[in-house]
Every structure is written in C-alpha cells, then in structure tokens.
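The values are calculated or read from the model by the stated rules, or taken from the named source; none is laboratory data. Computed from a predicted structure; not experimentally measured. Ideal geometry is used to build each Cβ from the backbone, glycine not excepted, and the neighbour counts take in all protein chains shown. Heads up: the accessible areas ignore ligands, DNA and RNA and are worked out on the full protein's heavy atoms, side chains in. Shrake-Rupley method; radii C 1.70, N 1.55, O 1.52, S 1.80 Å.
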Amino acid sequence: MSVITKRKQWKNKQSRIAYKINKKLKFPKIIIFRSNKNISVQLIDNKTNSTICSSSSLDKSIAKEIAKSKNKIDISNIVANDLSKKLKTKKIDQVVFDRSGYRFHGRVKAIADTLRDNGIKI
C-alpha cells in the first residue's frame, strides 16, 4: 500500500478544481498563486491557453502602494484593484475564479471580494 504525500493530495485537489472549472469554458479564468510573502493573479484565455493580463505584488507599477500596506490582505486588495483596472481596459466583465486549491478565505477571498466590488462578475 502506498502512502499519499501532502504534495500529491494538493495536486489531486488542484486537478479536481481545474476539471470542474474547465466545464465552464465560456469565460476566461483567473488563477491565483499565493506564496508566504507574495501573491500573483493571472487571467488566462481557455481557448488558446495564453495569459491575457496579470498582476502581482512584485510589479513595479504598484510598488509604492504595497510599501504603504500594513498586512498581506491589504496587498491582495491592491493587486486585485490593479487587475480589475486591466480587465476594464480589455473590456472583460465576467470571469471564472480558480482558487488553485487554496481555501476560500483570507487573501484569496480578499481578491474575489475586491474584484466583485470593482464590477467584475465571478
């Protein structure tokens, strides 16, 4: 009998979520990557599997705002605001949210709520 490692469980969860999301291929999907210090968000076109736009806490365009932030949730809100501005310029108003296996709380929830507040339908 083989032992399933935590990494294998994580990959299984990611593939389950991706399978459910790929059923809804009508809209582009937002994918989140969250590390201990930074967060990045990408908008991917499902048909061509190419990145339409992205935003990260490492971007130099929002570095001054991030330096003023108090915690990681504030950083997530800044990144989501930046992404929503980019989505508005591309005239995208509805997306599918892929949380990449992360629980829907904390920074992931902050990104989703900020996108909804800025008029993006998830």
Could you list, in sequence order, the residues of the stretch 15-31 that are at pLDDT 80 or above, open to solvent by less than 100 Å² (accessible area, probe 1.4 Å) and within 24 Å of residue 83 (Cα to Cα)? 17, 18, 27, 28, 29, 30, 31
Checking 38, 49, 12 in turn, the sole residue that is over 15 Å from residue 120 (Cβ atoms) and surrounded by fewer than 11 Cβ atoms within 10 Å (Cβ to Cβ) turns out to be 49
